[in-house]
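No lab work stands behind these numbers, since they all come straight from the coordinates. Predicted, not measured: the structure shown is a model, and the values here were computed from it. Note: ideal-geometry Cβ built from the backbone for every residue, glycine included; neighbour counts use all protein chains shown.
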Amino acid sequence: MRRGTAGVTRDRFGGGEALLAAFAAFAAFAAFAVCRAASDSRSSWSREVRVQAVADSRPTGDPYPDDALVAVSGIVAAAIAVLGTLLGAVVAHRYQEKIAARSAARSDRERSHQRLLDACADFIALAEDYRRAQYDRWTSQHTAPESEAALNARAESYRLYVALRSSVFRLRLVAVGLPAQRLAQRAAEIQVRTREIFFAADRADMLARGEAVERSCDAFAVCANEVLAASEE
């Protein structure tokens, strides 16, 4: 599967986050190293002063010549540690935001795909039922138009017509993108052509219209499969 511009952009963002995280870790490590070096230097100097004081019989309170430097080093180390901590927190927050956004986008795509799949399956099932009902209505109308069977066939045809029309509107509502919208347009055309089966002049015309609608339904299923497969990429 080919990766688009969005995928490349996400990879670049991910690389930038990794670099910032590495810098934050390095800053924290550098701060720790500076503090440790200053502490070791101070301890070493204190031991040397005590040894020298004992040897020379001098008090151990002589000032450390580099006290100012050690103090500045400690301040710098503390500042680096604070900055590293803040930078790490910012990086972690941004990383969590991007993960949440990607997860939400993936969930939206999955829900959209499932809605389109359900709408297509519902339409195909209703189109087949409505086509059969149109056969029954035409046959009963031309054999015994005033019979109870003819009235029941007409009522069933009306019921399925409303259900099929509703499924077409549902498909239009969930159609996101041009391919899905074209698919919804195909469904609307099938609904109209199925309705026109009843207006056939004779049985041969009725069967020919029904077969044409059946082929349109087969083509719709193939097109829907292609659209759904493309939406998963």
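For the reader, a short list of remarks on this structure follows.
- Three-way shape label, the range 111-231, alpha-carbon gyration tensor, a/c 1.5: prolate
- Dipole of the range 89-213 [Lys/Arg +1, Asp/Glu -1 at C-beta], most positive-end residue of GLN185, SER140, PHE199: GLN185
- Charge sum, other residues only, whose C-beta stays under 13 Å from GLU156's C-beta, Lys/Arg counted +1 and Asp/Glu -1: +2
- Each residue in HIS113, HIS93, HIS142 was given a count of other beta-carbon atoms within 10 angstrom of its own, and listing them fewest first yields HIS93, HIS142, HIS113.
- Dipole in debye (nearest 20) - the range 71-121, about Cα centre, beta carbon charges: Lys, Arg +1; Asp, Glu -1: 120
- This ranking places VAL168, VAL162 by how few other beta-carbon atoms lie within 10 Å of each, fewest first, which gives VAL162, VAL168.
- Each residue of the range 179-195 was assigned a 3J(HN,Hα) from its phi angle through the Karplus expression (A = 6.51, B = -1.76, C = 1.60, θ = phi - 60°), giving x, 5, 5, 5, 4, 5, 5, 4, 4, 4, 5, 5, 4, 5, 5, 5, 4 Hz with x at Gly and Pro.
- Rounded, prolate or oblate (a/c below 1.5 giving rounded, otherwise prolate when a/b exceeds b/c) for the range 73-124 by Cα gyration tensor: prolate
- Fewest-first ranking of VAL192, VAL213, VAL227, using other Cβ atoms within 10 Å as the exposure measure: VAL192, VAL227, VAL213
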